[in-house]
Each structure stands twice: as structure tokens, then as C-alpha cells.
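The values are calculated or read from the model by the stated rules, or taken from the named source; none is laboratory data. Computed from a predicted structure; not experimentally measured. Backbone-built Cβ (ideal geometry, glycine too); neighbour counts: all protein chains shown. Side chains included, ligands, DNA and RNA excluded: accessible areas come from the protein's heavy atoms. Shrake-Rupley method; radii C 1.70, N 1.55, O 1.52, S 1.80 Å.
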Amino acid sequence: MEVPSPEILVCQTLRAATDSNHDVVRKAEAQLLEWELQPGFFLTLARFSVMHAGNEGDSQSSHIDLNVRWMAAVYLKNGINKYWRRNMKHELPNEEKLEIRNILLKNFSSEPVPQVALQIAVLIARIARIDCPRDWPELIPQLVKQLQMCAQTDSNDGEQQRVLLVFHNVVKALASRRMMAEKKVFEDLAGNLFVYMQELWDAFTTNFFQQLKTASMSAISTLERALLCLRILRKLAVYGFPRPFKIEYCMRYVEELFTRLKQCLECRYELQHLGAEEQIIRLLEKFILKQIKTLNEFQDMHPSSFARFVPIALDFSFDHVFHERARLIFTENVINFSNFAIHCINLMKGIMMCSAYANAATTGDLLVAEPNPAPHIALSNFFINERLCYICDKIITHYFLLTQMELDQWVEDPEAFAQDDSGESWKYALRPCIESFFLTCFSQYQTQMTSEVVKYIRKAQQIVLSPISDLKDILLKDAIYNATGLASFHFFNDIDFDSWFSNQLLSELRIESDRFRILRRRIIWLVAEWSAVKFSRDLRPLAYEACLHLLRPTEDMSIRLAASRTLSTLIGDFEFAPEAFLCYLEPAFNALFVLLGEARECDTKMNVLTIMSCIVEKMSDHIEPQADNLISYLPILWKESEDYNMLRCAIICTLQQIAKASRDIPESMKPFLYNVIQLSTDLQVILHMHIQTNFSKIFEQVKKKKECISIGITEHYAVSFLEIESLVLFCVNNASPHSMVRTLLLLLL
């Protein structure tokens, strides 16, 4: 029988790696992994990745299907990470590297399949990040030459787009390098390339608008190429010039972005009203977003250079989000381009919060070499009282109103709706973004903003609602209450919350109408926000009763979760008095236990369990009679949380608090407790986790009393346990339950 050639074997194995059968894929991956160290393997992958029917001289082209070519490109990309750099173990020979580079550079522009073309572009970029320009000096000149040839010969649009795709990925890879010598190389590249790419981008953008007027079929292709040029320019402008204000053509480009943005937004508005294809509208939106992202990133990286554009940036953002041109991103008073609004708002926020501009206001100096008006003066001229009042009005009466989409989400998935937006959600979600901007306005212009919001609070206090009140009035009150809670610390001397809570909020809280679920959720959240500001201890019992009222099983899930968080805030308060809460302990604990059982999401269960753990800690002297149900449920929850380490952390934390609060460990808890301890201190389990997560270090030193016990893992995974206290293990991964067992063990020793 004829033995297949190595190329055919590799081709067959790559095909098997795309099989739907998991066992076949596993065997193929193992075989490919074994071949990685064989000479010529990655060169074969490079040849396969560029083999297509259009390649002349490829006798095997008919045997190389799309999946095999795509898989070859992926495996080659992974091989570059593992074996391409100098002095790495099993580094590829220089001759093989040279041949791979030549193959890719020769064939990338003729690749007809977009998915494979993208993989090849990433391949070239990965190699360029390591080799360019020292070992691959011809790459950039060759790409520029091909671009120029495409423009001169008026060749097919696809080839030009593939060259730009490779150029974009190469520039992106080179911009990510951080060594000083490498950054200098990229600066030289930016200086030589920027003007040409700007002219190309400008030409494509102009052609796109003209083609739209003539209904040309090539408009989408032109816009795709303009988008690639824009991505290249973004990296060059942001990372290619250490002092952009000295580079006039870079500054002209940034200024031109504002003009192009206005044109694109008008164009998008017209296309929507003309009922244009969804594809071109989505692509145009992506083009718009890349431009506004460029402005945001440029302002963040080069605030002194952006100082020249502060007035135009503030006017542009204000006009398109709050004022006349906001019509371009709204349909029937509902925003239809929220991502653009987010970037505009964040651009305004970035300018307001920029420390360089604030320092210029105090020192009178931004940059001696920058001949532009001081940005703090531009900020003062822009944020006059009238404009601040207008912005505040739009935020409260428009952006803070719950939308129909949000109300629908509340009904469909109340647990997801109740999740608290935190972290950096203001970068990609409209509501956290506008709330963050609202607070920024308060931090910069407290007097004006406080005066304006207090007017709305007074207005809300004068509006008396009934179960049959209109939804618009309820939504407006919800928005005002939201503003009041977010900026609660600024109203310390202006609002008597105690009186407001007693005379109005409590009565609104008790209205059972379905529409009033909006206010019930908001009011109980408002109580939590004000509890740390100015909320009398004498009114805490009323707040506890309100929480219990909203924790009923018949209440909406989202409201129950809001009430549970408020209860946690009240209990965790510095002035919390356990005696005053004693009569509410049993119903509160039972209501939370029911909520814990009904919750479906892991995050929800973890949050509720954390609240119950807090109650156990605060009411430790009185908790034993209430803990039986929880103790019996924890083993079930532990089993359900097998794949959720953070939830298991919360379970162990609760066990810790119960063990601390109990005079003696309850008999019903001992079997489960000991099993958890055994699992959390099982060396084999910990080593398995070590291998799975690829930690370089699992244990760190444990100090107990006068002893310092070092627990380490040797090459043979041998651990010395000097005494029982050495069972207290610290896992580096804070998302692992093993780190939570320490205090629990010490309680039992």
C-alpha cells in the first residue's frame, strides 16, 4: 500500500480537527500537537492556508477545502506565539521563518475568502510585531507599493481592501509595542505614512457620499475601505506622535473628524428615512463610532494637544446629545443610536475631569509650546448657568426616564434587570454613562446643579399620586428620585429626608398598583442611598418594616432584590442597633431564605446569601433559632454551585459566620461542614486546580501567632504539614473557595 505523503497526512488531520465528533477532534489535536516540533510542519501550514482555487501552480488546491485552510491559519497563528521569538525553546529555523514570510506576503492579496483573509492578516501582524523592521524590512514598503498600485491601476476593490486589512492589523500590532526603541520605530512609521493614509481615507469617504447619490452598488465596498483607513489613522494619530500639537497635519485630521462626523450623522438620518438597506446603515454606524472613538482616545492620550479642540468638542457633543441635532439619533423620542451618545457623553466627561485642564486653571500654564486658548476658560465659557440648567433638565426629564425596552426587560428577566451596574459599565451602557456624567456635573458645578435638582425635588413633593395616576407622572417621579439618590451627599443641607420619607415616600411605597412597582423599587433604593447621609435612627424601624413589606413572596422579584440590598445597607450602617432590629430578625431572615430559594441566577443567590451572612454576623447572639433552615439548605446550594466558585465562597463565608455565632457547632451542620473542610484542604484537589488554572503560585506564607509556616509545592508536588495550623491554606485566586476556609478552620481548632 502506498504511504501518504506528509502533506496529505497533515491535510487529513486538519480536516479531522474540524469534525463534529469530539473524539475525532481530540485525536487530531493531539496529533497536530505532536507534529509541532517536526521540521517543516509550520511551513506546510503556511502553504495550506494560502492554497485556493485561484492560485496558479497549486496542484493540491482542489483537495484543500475552506475549513482546512482556515484551521491551518489558526494553528500557524498559535505556532507563532509559541515558537517564533528568538531564543525560545524549539524556535523555528530562520530559513523556515523566511519562507513562511515570503509565502504569506506573496499570496495574501489574492485571498478570496474573507474569513481566511482575516486570519492571514492577523498572521502577518503577529510576525510583524516580532520581526518588523529588523528581520522583515520589506513588509511596510511592499504594502505601501501594493496600495499605490491598486490606486494607479484601478484594480478590483477586493484586492485593495485585503491590502488595507493587512495594513490595519500590522499597524495595530506595531502600535501595541511598548519598548522605547520599538515606539521610536512606530513614530517614524507614522511620520512617513500618515499623510498618505489621510488622503486615502478622505478620498474614500468623499467617494462614498457621491456613490450614495448615484445609487452605486460599490458604496458599501468604498465605505469598508474608508473604515480600514480610519482604523489605521486612529492608531497612527494616538500612538504615533508623542506631541501631536507639533504635527500640523495630524491636528488638521483631528479637526476634520468633527466635520466628517456631522456629514455621516446627517447621511445616516437620511438613509433611515429613505428605508435604505440595514447593511449599509450598520456599516455607516460603525464608521461613525470609530471616528468618535478616535476623538475620545486622542483626548485621553494627548490632553494638551486636544486643548485646541475643547470648545468644538463640547459644542459638538452637547448639540448631538442634548440639543437640536439630537434629532439625528432619536426616533419618536426614543434613542436609536445609543453607542454614539455614550461616546459623546464620555468625551464631555473626559474633558471636564481632565487633570491637565484643571491644573491649567490653577497654574495658568498647560504647555508653553501649545499656542491654544486655555481649556479651563473654554469650559467656563461653555458651562454657564443656563446651559447647566438645560443639561440637568434633559438628563432628568429624558435620559433618566425608564424606557419601554427597560420595562419589557424587567418583565422578562427581573433578576437581570435588578443587577447593579458597576465597574466600567459607563463605557458601554447608556444609563450608567448618563448617571456618571450627571455626577461629574455635580462634582464640577455643585452649586448650580444642586439648586436645579432641588427644584425638581420640590416639584416631585408637590405631585400627589394615586393608584390610577398616569404612567408619565410615575416615570417622572422615578427619574427625580433617581437624581436625588445619586447625588444624595450634595443635598445634606437642602433636603429634609426624614420628613419626606415619613410624609410622602412611605405612603407611595404602600400603593399596590402594578404601575407603582416602578416607584416601590426606586423609593426603597432611595432609602439605602440616604441612610449614610441623613436618616434619623428613630425612623430605622419604619425602614425595616418597609423592607419586610417589599420582601413578601407575592412582590415583584426585582423589588424584593432592591429591598434586600437596602436591608443590607441599613444593617451594615455604623449606627446599626441590634436591639432595634430584634423583632424584625425572624421575618427578615425567613423572607431572605425564601428569596434565596426562588432566585435562579448565580449572582442573585450569591448576593442574597451575602446579605444573610451579614445578618448572621450582626445578630450573632440571637441567630441560632433562625439558622436551621439555612443550614439545611446550604448543602443543596453547595451541590448546585459546583461550577460557580464565587458562590461557594459566599457559602463558606456564611458557614464561617454561623460557626462564629453558634455556642457549639450544630449537629445538623457538622457533616456538611467537615466535608467542605476536607474538600478545601485536599491536596490532590488543590493540585488539580493548580494545573487547570496554570497558576505559578498557589500558596503563600501563613503567619499564626509566633510561628511562620511556609507551605510550598516542590517539583514533585510534595507538601510538608508541620502542624494542624498549616491546614490554613491561602489560594492566590480570590475566586476560589479554598481561600475562604482559613477563618473557618481557626474557629474549629
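Basic side chains Lys and Arg get +1 at the Cβ, acidic Asp and Glu get -1 at the Cβ, and with that the dipole of the chain about its Cα centre reaches some 1540 debye. Sparsely packed loop sites in region 115-170 (the trypsin sites (Lys or Arg not before Pro) outside DSSP H, G, I, E and B with at most 10 other Cβ atoms within 10 Å) comprise Arg134. When the alpha carbon coordinates of region 470-515 are projected onto the principal axes, the ranges are 34, 20, 12 Å, largest first.
Per-residue ellipticity at 222 nm from helix content only, as computed over the chain with -39500 (n - 2.57) for each DSSP H run of at least four residues, stands at -21500 deg cm²/dmol.
The listed residues Cys602, Cys583, Cys344, once ranked by accessible area (1.4 Å probe) with the largest placed first, stand as Cys583, Cys602, Cys344.
Between Asp393 and Ser499, the modelled labels are 2.8 nm apart [label points 7 Å from Cα along Cα→Cβ]. Take each peptide in 103-112, 507-516, 40-49, count the other Cβ atoms within 10 Å of every residue, and average; sorted highest first, the result is 40-49, 103-112, 507-516.
Can you figure out the FRET efficiency of Asp538 with Ala358, using R₀ = 41 Å and their beta-carbon distance, to the nearest 0.05? So, using R0 = 41 Å, E works out to roughly 0.45.
Surface analysis of region 402-469 yields an accessible area of 55 Å² per residue, using protein heavy atoms and a 1.4 Å probe.
Does region 448-571 classify as rounded, prolate or oblate by the C-alpha gyration tensor (a ≥ b ≥ c root eigenvalues; a/c under 1.5 gives rounded; else a/b over b/c gives prolate, otherwise oblate)? Oblate, since a/c reaches 1.5 and b/c is not below a/b. For the residues Thr610, Thr484, a 1.4 Å probe over the protein chains yields an accessible-area ranking, largest first, of Thr610, Thr484. Measuring nothing but how far apart in sequence close Cα pairs (under 8 Å, 6+ apart) lie, relative to its length, region 389-438 scores a relative contact order of 34 percent.
Counting other Cβ atoms within 10 Å, keep those with at most 14, restrict to DSSP loop, and tell me which GluC sites (Glu not before Pro) in region 609-671 are left. Passing sites in region 609-671 are Glu642, Glu667. Working note: Karplus 6.51/-1.76/1.60 with θ = phi - 60° gives region 174-187 the couplings 5, 5, 7, 6, 10, 5, 4, 5, 5, 5, 5, 4, 5, 5 Hz, where Gly and Pro are set to x. On the basis of the beta-carbon distance and an R0 of 35 Å, Gln279 and Lys183 show a calculated FRET efficiency of 0.35.
Just checking my list (i) 26.6; (ii) 27.3; (iii) 31.2 against Kirkwood radius over Cα pairs in Å computed from this structure; which label fits? Identified label for the calculated read-out: (iii). With the simple model of a label 7 Å out from the Cα in the direction of the Cβ, Thr259 to Val113 spans 4.4 nm. Residues of region 587-601 with the amide nitrogen closer than 12 Å to a label point 7 Å from the Cα of His622, along Cα-to-Cβ, please. From region 587-601, the list is 587-589. Apolar share of the accessible surface for the chain: 52 percent from carbon plus sulfur atoms, 1.4 Å probe. Relative contact order for region 575-644: 37 percent, from Cα pairs under 8 Å spaced at least 6 residues apart, divided by residue count.
Take the alpha carbon atoms of region 401-416, find their center, do the same for region 125-143, and report the distance between the two centers in whole angstrom. That distance is 51 Å.
Between Leu548 and Met301, the contour length at 0.36 nm per residue exceeds the alpha carbon distance by 83.9 nm. Note on region 157-241: Kirkwood radius taken over Cα pairs, Stokes-Einstein applied at 20 °C and 1.002 mPa s, translational D equal to 160 µm² s⁻¹. Computing FRET efficiency as 1/(1 + (r/R0)^6) for Arg325 and Leu98, where r is the C-beta to C-beta distance and R0 is 51 Å, gives about 0.40.
Among the GluC sites (Glu not before Pro) within region 552-598, those in coil by DSSP and having at most 16 neighbouring Cβ atoms inside 10 Å are Glu575. Subtracting the Cα-Cα distance of Arg85 and Val144 from 0.36 nm times their residue separation leaves 18.7 nm of extension gain. For region 146-276, a simple Cβ point-charge model (Lys and Arg +1, Asp and Glu -1, everything else neutral) yields a dipole of about 600 debye relative to the Cα centre. Compared with the direct C-alpha span, the chain from Ala577 to Ser507 gains 22.7 nm at full extension, assuming 0.36 nm per residue.
Site pair Arg600 and Ile8 shows an inter-label distance of 5.4 nm when each label is modelled 7 Å from Cα along Cα→Cβ.
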